[in-house]
Amino acid sequence: MLAGLDPEQRSAVTAPAGPVCILAGAGTGKTRAVTSRIAHRALTGEISARHVLAVTFTARAAAEMRARLTALGVAGVQARTFHAAALRQVRYFAPRLLAGRAMPELLDSKVRVVTLAAAKVGLRTDRAAARDLAGEIEWAKSSLIEPGEYVVAAAKALRDTPHEPAKVAEVFAAYERLKRGNGVIDFEDMLRAAVWGIEEHPDVAEQVRGQYRHFVVDEYQDVNPLQQRLLAAWLGGRDDLTVVGDASQTIYSFTGATSSYLVDFPRQHRGATVVRLVRDYRSTPQVVGLANAVISQARGAEARLRLELVGQRPPGPEPELRIFTDEPAEASAVAARCRALVDGGTPAREIAVLFRTNAQSEAYEKALTEAEVPYVVQGAERFFERTEVRQAMVALRAATRSIPGETPLPVAVTEGLAAVGWAPDAAPAGGAARERWEALAALVQLAEEYAATPEVLPVGEAAAVERPVTLSDFNDELARRAAQQHVPTVDGVTLASLHSAKGLEWDAVFLVGLAEGTLPTTYAKTPEQVEEERRLLYVGITRAREWLWLSYATARSPGGRARRPSRFLPQLDRSGGAERAGTGAARRTERRRTQVVSCRICGATLLAGADRKLGRCPTCPSDIDEELYQRLHEWRRRVAGAQKVPAYVVFTDATLTALAERQPGRVEELIAIAGIGPRKLGLYGETVLALVGGAAVDDVCPEKTFKIES
Ligand code: ATP
Ligand code: MG
């Protein structure tokens, strides 16, 4: 294990018990170092994996951590989000702390109650307004601010409040009253309950701290004061804590997260082992170069600690910047490229399309469906809200009565799903039927993964008892995931927001909708908010191992209002290297030209002469007929030789390629190929059509013909 690490990573892995802080850029192996540290300590017997609590911020990142730990041969570590860890703790202790009263229901969204609360204080709100108010309340609660403190705190934090601060405070207070009156709690209440359970109940504290002795927080730059307080409660003054983060990837400050805990960690923990990493193992130097270029423009507190990444991988393709006339065109080009990547052997699960807001997902779902590319939308509602999944969960509950407990879990799940008409043979034809089949297949896959790495072992003593997981365990797990919106991975292209992509990586990444107003969003008003948007782009870029595509559409819908490219994009040349584009005049010409020719594969506008001739982007997959190309090439060689002219005078390489790709069968098709005008048509038209039709070079090339013509 140590052999797969660089010296700095190794020093983090082998650091003695106590505070450790890894401050490093994207893709430098922070997560690898931290999972290796856990594994190393567990495998050398220094600690027991059962006593480790590893927290991160998204369910997918937690799953990624578990997968990496499993790969390192370590089982039993709790790797969870703060929410999941807190929820589990609260559920476990609720009977004791509530003296038999039922645990309050957990609100999965604040919006409905906020709407009621706003109405109570005389504010009429639509859904968007209610969401803004909910966001404000969430910020306050995550920042440990009570309704009575809100006005002052919001002013101090320069919040751009959706209403007068005093009015927001009123809504906040009404919201809290309504919740209490209705016996419901929100996510922040749940975290507070976890803190309260420990801080106010010595027996709870003792049990929790007995269970969890070694703590790891990944993505620590995004911890908020409430989560930090929970972490402190868990620790109870102990210091076996490893934190890992990158201030340049702070992207949740609008919800109250702050990188200050990360940045101050070495000062707060005297004697901490501090490790800095700059070698980027994830991405090609091309991707790393673009990431460095974007973050080098960053300003503000988070930018002070930034490090320039040094790419370690062999070179790869240049990132591509694509401009489209409208969003549907952008989406179908992305889908076409995904299709081409998949056809070319890239697994769909190694591709991601990332956007700023979830609403952008729709267009890509549609385009991918049309291109018959499987996809998964990250962010969950979709999966567990699906009718077939809900029905399947009911069926699986019922199946616990008939299926013997010792049946291996995947078998039990497959049997249980027969009740909803699912069978493990091939997926049926037809879009909706296939989607349904795939959703249920995902449940079986989930069961397989879950049987391999169960994570429902109850807190406390029972955790030590190893037993195979049963269908009931799995049903509980499904319910838990449904509550937490955790999507199982199926083999599909990931559609995800930039926020939820943190910590993850894919071979190919599409960053779409990079227009002003979307990234940065129009809602980013203060310089700090704009900087956070820049960091979002940085996070997006650094997700790519090899292929990176950045695109935007000049209008939302065909013929719509014009938009400008995101200010964060360095001016890219046509092929996308982070170079300065030409003068203003040159760029205007390019823009004028963009009206004319677009790539027949992906639909992107083609700016360079050679690409326009080719009729596709140089990087778009070629459907060239190699054998035909060879014949055309040989024919051109002979013609040029006979005429004593350079080959390109006959036809350029781009024209030959276009001929071999498009294989024109008629004169009209031939003349449509750039580089073939009336003169060339007259000279070579017939011959070229004969070659395309399969003629051999010798047949069309009696040398004298050309001698006469020349
Ligand atoms: P992020 O900031 O995006 O969370 P990270 O710093 O956590 O990134 P990792 O995800 O741990 O980075 O690592 C990035 C990639 O580089 C992973 O595929 C990992 O396996 C690989 N990697 C990390 N360290 C090394 C190493 N020493 N040698 C080879 N590959 C490495
Ligand atoms: Mg990471």
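Within the chain, antiparallel bridges make up roughly 5 percent of the DSSP beta bridges whose residues both belong there. Per residue, the average separation of C-alpha pairs within less than 8 Å and at least 6 apart gives the chain a relative contact order of 14 percent. Against the chain, whose longest principal axis is taken from its Cα atoms, helix 584-594 shows a tilt of about 80°. What is the local net charge at residue 275, summed over the other residues whose Cβ is closer than 11 Å to its Cβ (Lys, Arg +1; Asp, Glu -1)? Within the 11 Å Cβ shell, the charges total +2. Measuring only protein heavy atoms, the 1.4 Å probe finds residue 91 accessible over about 120 Å². Sorted into 20 angstrom bins from 0, the C-alpha pair distances of the chain split as 15, 44, 29, 10, 2, 0 percent. Charged neighbours of residue 285, selected by a Cβ distance under 14 Å, balance to 0 (K, R count +1; D, E count -1). The heavy atoms of residue 281 present about 90 square angstrom of accessible area, all protein chains included, probe 1.4 Å. Taking packing as the residue-averaged number of other Cβ atoms within 10 angstrom, the listed peptides 628-634, 198-204 run from highest to lowest as 628-634, 198-204. Of the three principal axes defined by the Cα atoms of the stretch 108-182, the extents in descending order read 30, 23, 22 Å.
Checking the cross-link pairs 156/502; 120/179; 156/525; 141/167; 644/680; 156/179 against a 19 Å limit on the alpha carbon distance flags 156/502; 156/179 as lying beyond it. Evaluated with a Cβ-only charge set (Lys, Arg +1; Asp, Glu -1), the chain carries a dipole of roughly 1620 debye about its Cα centre, given to the nearest 20.
Quick check: net charge around residue 630, other residues with Cβ under 14 Å of its Cβ, Lys/Arg +1 and Asp/Glu -1?
Details: positive: 631, 636, 637, 638; negative: 625, 626, 627, 634, 653, 661, 698.
Net charge around residue 630: -3.
How do 121, 639 rank by accessible surface area computed with a 1.4 Å probe, from largest to smallest? It would help to have the intermediate numbers written out before the result.
Working: 121 25, 639 0 Å².
Largest accessible area first, the list is 121, 639.
Peptide packing for 165-174, 33-42 was compared via the average number of neighbouring C-beta atoms within 10 Å per residue; ordered from the highest value, the list is 33-42, 165-174. Placing a label point 7 Å from the Cα of residue 622 along the Cα-to-Cβ line, the residues of the stretch 306-348 whose backbone N sits under 17 Å from it are 317-318, 341, 344. When each of the peptides 282-288, 474-480 is scored by how many other beta carbons lie within 10 Å of its residues on average, the order from highest to lowest is 282-288, 474-480.
Order 495, 106, most accessible first, counting only protein heavy atoms with a 1.4 angstrom probe.
Values: 495 0, 106 45 Å².
Listed by decreasing accessible area, they come as 106, 495.
Between the Cα long axis of helix 165-182 and the first principal axis of the chain there is an angle of about 60°, rounded to the nearest 10. In the chain, the calculated helix contribution to ellipticity at 222 nm averages -14500 deg cm²/dmol per residue, counting -39,500 (n - 2.57) for every DSSP H run with n ≥ 4.
Close amide-amide hydrogen proximity is noted between residue 625 and 661, each under 5 Å apart and 5 or more residues distant or on a separate chain (H modeled in the peptide plane; Pro and chain starts excluded).
The values are calculated or read from the model by the stated rules, or taken from the named source; none is laboratory data. These figures come from a predicted structure and were not determined experimentally. Cβ sites come from the backbone with ideal geometry, for glycine too, and all protein chains shown count toward neighbours. The protein model used for the area step is the full one, side chains on, heavy atoms only, and it has no ligands, DNA or RNA in it. Shrake-Rupley method; radii C 1.70, N 1.55, O 1.52, S 1.80 Å.
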